[in-house]
Amino acid sequence: MKRIAAIVGLSIMAISAPAAAQTVVGDWHGTLDAGGTRLPLAVHIQWSPDDELTGTLDSPSQGVNGMRIDEISRDPGVLAFTVPTVGGSYDGRWDAQAGRWKGEWRQGGTALALDFEAGLLPETEVAAPAPLPQDWAIPGDEAIARLIDERNALRAGQGMVVGVLEADGERIIARGPAGAAAFDGASLFEIGSISKVFTALLLADMANKGEVSLDDPAAKYLPAGHRMPERGGRQITLRNLSQHTSALPRVPDNMPRGDPEDPYADYTEEQLLAFLDGYELTRDIGVQHEYSNLGVGLLGYLLGRAAGKDYETLLAERITGPLGMGDTVVTLRQGAPLVQGHDVYMRPAKPWDLPTLVGAGGIRSNADDMLKFARAVLDPASPIADAVATTLANRFDLGSTAAQQALGWGVSRPGPARELISHSGGTGGYRSTLVLEPSRKRAAVVLMNSAVEPSATDFAMHLLVGSPLARAQPVPPARTEVTLPQAELERVVGRYDFGAGIEFAVTLQGGVLVAQRQGAVTGQLLPLFAEAPLLFFLKAADVRARFTTDDSGIVTGAVLTLGGQELSGTKVAP
């Protein structure tokens, strides 16, 4: 799981355990097993003076206390909520016999079983993590190389490139996959959502020059005849799109997914506009953070319309050209290929193309260029200095000032008088992280050619501030995809109830079988790949679905295998 930036400043509610099983009000605790890493969690829920349920979540081992939770269900016997700060959600049902909530935590396409029982976390689970060392020195080249080798050891085909910037210079430490050409600072990777920082800088530069305003309605830059969703008399602004407060979903629901291994490639401008024309917001604009690839991808599209140029031209004219970042591009130059990426099973993965939502994650780069970029971000006299200042001056509090969303950048404070700005990225076969500590004029970038977690974020944070490294696990066994007749796909279509509030709809969309979580929190569409008749798997996570039948061969249920556990479900609707 992605590490959550520490949040302080909110009081932790200490409420006695509820007397009635059907109410969610009270203190609840449980432990999430995330790939061998145990994360004790606590949830505190109470009624507000205006008769609304409010609550917070603690993750002591990650140094997080008082993180706001939203969308708390008021249905009897249901414990469901979202955690906007990390893009997570929980959905559980009360098990009277067990005396606990039984359900599932979802985050970043991964689903893990999680139970909560009454009471505060035991004292053995609430010890605060050791404070970060104040005099931490970024490790030397040999030490970093050893850490890379340890991370790569269980992942045949994985390579990593690390870039370190300090006041007295910069370093590149690279380890390519065994048996492949050596990686170096020029090796090209997809940087995924780090692209959102570049999109924010384009917005800031255009705002500084009076070409747009941060608070312009996004609708102002749409083609004539199209609309932006509104709610409560409020319009979505360019600022909302960059800060993930637009109330737009993470991805649009009309993506054709013609190629599940390159999910954004077929999404057109016409489909984007059709989605906006018909979408109704489910929450108020500007009041909470909800990470949205759609929102920032839309921002890049609108900035291009405002400037009368395509996104890649804007990027080259205003950022990469002035900074001499010749290898940071959307369209690869001939003879400059990406290093081969790998999926979560360490199988070769396809590059991603985002022709319409490019501003959300369509940039490719290398460690040499990313260090040039980091140096410019830290330099008050650089060509992008004014734009950087604007991105960092505009912030949205994520529950407290210890974690904030700037324009593009995530901002966190790991200790007194310390501030980090960062962003991570992930596509089908790549992971990346850029983190900077402006007060100490240093930065770290980590690029890797696989989607196996833990990946780049914990590595970059460890190098820069000395936080612990996550423990790598063996890569899950790869599944072999086969092609099934259409009739075999159609027979498993339906809704499946797994109890504890876990229900999935399995549908065919454009010839692709997809599953989607239903209930209090609707999940993203997850393509299912056939391993055999009635047996399917996800490529984004180590999850399998085996469909069961009656004696006549009619599908009656399914068994999900995830996180080392099995969940049995019943088909409840065709």
Within the stretch 441-484, tally of residues that are of a type in the set (A, V, I, L, M, F, W, C) and open to solvent by 20 Å² or more (accessible area, probe 1.4 Å):
8
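Name the one entry in ASP327, ASP310, ASP259, ASP277 that is at pLDDT 95 or above, of a type in the set (Asp, Glu) and under 20 Å from GLY426 (Cα atoms). Give the derivation first.
Details: ASP310 fails: under 20 Å from GLY426 (Cα atoms); ASP259 fails: at pLDDT 95 or above; ASP277 fails: under 20 Å from GLY426 (Cα atoms).
None of the other options fit; the residue is ASP327.
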Of GLY225, GLY163, GLY185, GLY210, which residue is at pLDDT 95 or above, among the small types (Gly, Ala, Ser), part of a loop (DSSP other than H, G, I, E, B) and open to solvent by less than 30 Å² (accessible area, probe 1.4 Å)?
GLY185
Would you mention how many residues in the stretch 538-560 are open to solvent by less than 50 Å² (accessible area, probe 1.4 Å) and over 15 Å from VAL506 (Cβ atoms)?
3
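Out of the residues in the stretch 413-423 that are of a type in the set (Gly, Ala, Ser) and surrounded by fewer than 22 Cβ atoms within 10 Å (Cβ to Cβ), state the one that is nearest to ARG68 (Cα to Cα).
Of all residues in the stretch 413-423, those of a type in the set (Gly, Ala, Ser) come to 415, 417, 422.
Within this subset, residues satisfying the condition of being surrounded by fewer than 22 Cβ atoms within 10 Å (Cβ to Cβ) are 415, 417.
Numbers: GLY415: 20, ALA417: 23 Å.
Ranking the candidates gives GLY415 first.
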Cβ-Cβ under 9 Å, sequence separation 6+ or interchain: first residue in the stretch 265-282 and part of a helix (DSSP H, G or I), partner aromatic (Phe, Trp, Tyr) and open to solvent by less than 30 Å² (accessible area, probe 1.4 Å). Which pairs?
none
Pick from LEU398, LEU357: which is modelled with pLDDT under 95 and within 18 Å of the chain's Cα centre (by Cα)?
LEU398
When you scan the stretch 380-482 for strands (runs of 3 or more DSSP E) that lie fully inside it, which ones turn up with 1 or more residues that are charged (D, E, K, R) and touching an Asp or Glu at 6+ places or on another chain (Cβ under 8 Å)?
410-415, 418-426, 431-437, 442-448
Report the residue count in the stretch 229-264 for those that are in contact (Cβ under 8 Å) with a residue 60 or more places away in the chain, open to solvent by 30 Å² or more (accessible area, probe 1.4 Å), farther than 15 Å from PRO527 by Cα and over 18 Å from the mean Cα position of the chain (by Cα).
1
Just checking, does the stretch 295-311 include any residue being acidic (Asp, Glu) and surrounded by fewer than 17 Cβ atoms within 10 Å (Cβ to Cβ)?
yes
Among the residues of the stretch 96-121, what is the count of those that are open to solvent by 50 Å² or more (accessible area, probe 1.4 Å), in contact (Cβ under 8 Å) with a residue 12 or more places away in the chain and more than 28 Å from PHE537 (Cβ to Cβ)?
4
Looking only at the stretch 169-181, count every residue that is assigned to a loop (DSSP other than H, G, I, E, B) and either at pLDDT 90 or above or touching a Phe, Trp or Tyr at 6+ places or on another chain (Cβ under 6 Å) (or both) and tell me the total.
2
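The values are calculated or read from the model by the stated rules, or taken from the named source; none is laboratory data. These numbers were taken from a predicted model, which means no experiment stands behind them. Methodologically, a virtual Cβ is constructed for each residue, glycine included, from the backbone with ideal geometry; neighbour enumeration extends over all protein chains shown. Calculation scope for accessible area: heavy atoms of the full protein, side chains included, ligands and nucleic acids excluded. Shrake-Rupley method; radii C 1.70, N 1.55, O 1.52, S 1.80 Å.
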